[in-house]
Amino acid sequence: MILTVEDIMEILPHRYPLLLVDRIIELEPMKRAVGIKNATMNELFFQGHFPGNPVMPGVLLTEAIAQVGGIALLYPEENRGLTPMFTGIDKVRFRHPVKPGDQVRMEAEVVKIKGKMGKVEGKAYVGDKLVASGEYMFALVRK
């Protein structure tokens, strides 16, 4: 299943400048999702991180992976309108910088869910190179 950015905005509460997923290219609701982020020089964060050597901040890469996981979790109609909130982040590793012009492919797999809480394992790639990975604990909460 493919989702456009318009479809994504119907699922996630995030908006510019913190909506960090441009497209979903694979989706198995409540199981896994694969998303794309096109990192362009027009991103505000590249202006100050770092002048002359622009690099996507790791915290935003972590957020982008989590948003892909959030789409897998919020896609079912019964979860629409809930907000995915971090409850913990473990084993996060940054292995290679993301630069302007890179297309980041983020893969998120739901590995545990109990009620409205659970854990997602995520990875981000540029081409076939792993750039980041981690485990993301969440709660789905009402506004």
task = May I ask you to derive the relative contact order of the chain, considering only C-alpha pairs under 8 Å and at least 6 residues apart, and to give it as an integer percent?
result = 25 percent
query = Rg and Dmax of the chain over Cα atoms: what are they, in angstrom?
reply = 14.3, 46
query = Can you give the accessible area per residue of region 11-135, in Å², using a 1.4 Å probe?
reply = 51 Å²
query = Helix 58-74 sits at what angle to the longest principal axis of the chain, using alpha carbons and giving 0 to 90 degrees rounded to 10?
reply = 30 degrees
request  = Taking 7 Å along the Cα-to-C-beta vector as the label spot, tell me the Ile2-Val59 distance in nanometres, rounded to one decimal.
outcome  = 3.5 nm
query = In region 1-132, carbon and sulfur make up what percent of the accessible area (probe 1.4 Å)?
reply = 54 percent
request  = First select every other residue whose beta carbon is under 14 angstrom from the beta carbon of Pro84; then total the charges, Lys and Arg +1, Asp and Glu -1.
outcome  = +4
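Using r as the Cβ-Cβ distance of Leu44 and Glu135, and R0 as 30 Å, what FRET efficiency do you calculate, to the nearest 0.05?
Working: r = 28 Å, r/R0 = 0.93.
After rounding to 0.05, the efficiency reads 0.60.
The values are calculated or read from the model by the stated rules, or taken from the named source; none is laboratory data. Since we're looking at a predicted model, the values are computed, not measured. Note that we place each Cβ from the backbone using ideal geometry, even for glycine, and neighbour counts take in every protein chain shown. All accessible areas refer to the heavy atoms of the entire protein, side chains included, with ligands and DNA or RNA removed. Shrake-Rupley method; radii C 1.70, N 1.55, O 1.52, S 1.80 Å.
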